1. Test residue 97 against the criterion of being within 20 Å of residue 5 (Cα to Cα) and in contact (Cβ under 8 Å) with a residue 40 or more places away in the chain, and give yes or no.
2. Residue 94 fails exactly one of the following numbered conditions: (1) farther than 18 Å from residue 145 by Cβ; (2) touching a helix residue (DSSP H, G or I) at 6+ places or on another chain (Cβ under 6 Å). What is the number of that condition?
3. If only one of 136, 152, 140 is in contact (Cβ under 8 Å) with a residue 24 or more places away in the chain and either outside the structural domain of residue 14 (by TED's automatic domain parsing) or part of a loop (DSSP other than H, G, I, E, B) (or both), which one is it?
4. Does the stretch 4-46 hold any residues that are closer than 21 Å to residue 91 by Cβ and in contact with a strand residue (DSSP E or B) (Cβ under 7 Å, 6 or more places away or on another chain), and which are they?
5. Residues in the stretch 115-129: is at least one closer than 17 Å to residue 8 by Cα, assigned to a loop (DSSP other than H, G, I, E, B) and touching a residue at least 40 places away in the same chain (Cβ under 8 Å)?
6. Which one of these does residue 71 not meet: (1) within 30 Å of residue 30 (Cβ to Cβ); (2) outside the structural domain of residue 48 (by TED's automatic domain parsing)?
7. Could you tell me which numbered condition residue 95 fails, if it satisfies all but one of (1) within 25 Å of residue 68 (Cα to Cα); (2) assigned by TED's automatic domain parsing to the domain that holds residue 169?
8. Could you tell me whether the stretch 128-136 includes any residue that is closer than 21 Å to residue 46 by Cβ, touching a helix residue (DSSP H, G or I) at 6+ places or on another chain (Cβ under 6 Å) and at pLDDT below 85?
């Protein structure tokens, strides 16, 4: 879609994938449903977790395995069975890198391994100083991640993600939303 994080576009283009952008309606849905060639896929963003029903009732039915769902803004939305789904936990919890691919397509090549130890400086620094104090380091790390290409999640990141109580994180986010209303 036109409304998507630049990082996603950069990764796709850097992988040699032709990207064709598309508009959305005011409901964040497709204005029409394009026919796809056998070697094409539709990447759809589940904006803030609001489009789960549209994905399951419309897009998954129409596109099946040619649909890729970007749940990078919807950590607590479950993947559809058989539909490749991307997650970016770093947008929700304190890790420096890493993402998940649920329902990976068969035959996907194994990504090169990654190391994340050097990327935690900006995050750890924010525990003791203001975020502004570490912003330049954070920006440099973001650029380095973009330049690094697709890699397997680092062991340190995976271990941190495995230690998180996601039910508690979800509960607190719901409580925070209720407080704001």
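The values are calculated or read from the model by the stated rules, or taken from the named source; none is laboratory data. Because the structure is a prediction, the values reported are computed rather than measured. Note: ideal-geometry Cβ built from the backbone for every residue, glycine included; neighbour counts use all protein chains shown.
1. yes
2. (1)
3. 152
4. 4, 8, 43, 44, 45, 46
5. no
6. Status for residue 71: all satisfied but (2).
7. (2)
8. Among the residues of the stretch 128-136, not one is closer than 21 Å to residue 46 by Cβ, touching a helix residue (DSSP H, G or I) at 6+ places or on another chain (Cβ under 6 Å) and at pLDDT below 85, which makes the answer no.
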